[in-house]
Amino acid sequence: MRKGPWRASLIWGLITILAVPPVLLLAVPLLMMFDAPGSSGNPWPWLILTGVLILPLLCALIPLLLWVLYGLGSFWPHARPWLRRVGHGLHALPLLSPLTVLVGVIGLELQCRGSFNCHP
């Protein structure tokens, strides 16, 4: 029987592959945020774009971190329950992507009133 987070690695690998095309299709129109003069100096559009582009990277990072935790569990058997809980928590890591986009949109609205070319 195989040991380790094989199933989670395969599922997150598939999610990563499926996440790349929609993210790229969404990122192309988001580049138009930088068409306004001076908008490249505004940090909020950059935060929104980064939040969109980081989703596949976060999905691909989960299997790597799960295998690291699995390896640490083989060196420290007494820490396995704690490492297992951390591993379960890692599955929420891709939620950082929409949270980053949300912070960028709220910051843009509050500080710049929705204008891309303001300088906070």
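Read-outs throughout are calculated quantities, based only on the coordinates presented, and are distinct from any laboratory measurement. Because the structure is a prediction, the values reported are computed rather than measured.
Consider all pairwise Cα distances in the chain and report the whole-number % of them above 22 Å.
48 percent
Which of the helices in the chain meet the span-like rule: DSSP H, Cα axial reach of 18 Å or more, Kyte-Doolittle mean at least -0.5?
6-30, 55-75, 96-112
Go ahead and estimate [θ] at 222 nm for the chain from helices alone: -39,500 (n - 2.57) per DSSP H run with n ≥ 4, summed, over the residue count, rounded to 500.
-23500 deg cm²/dmol
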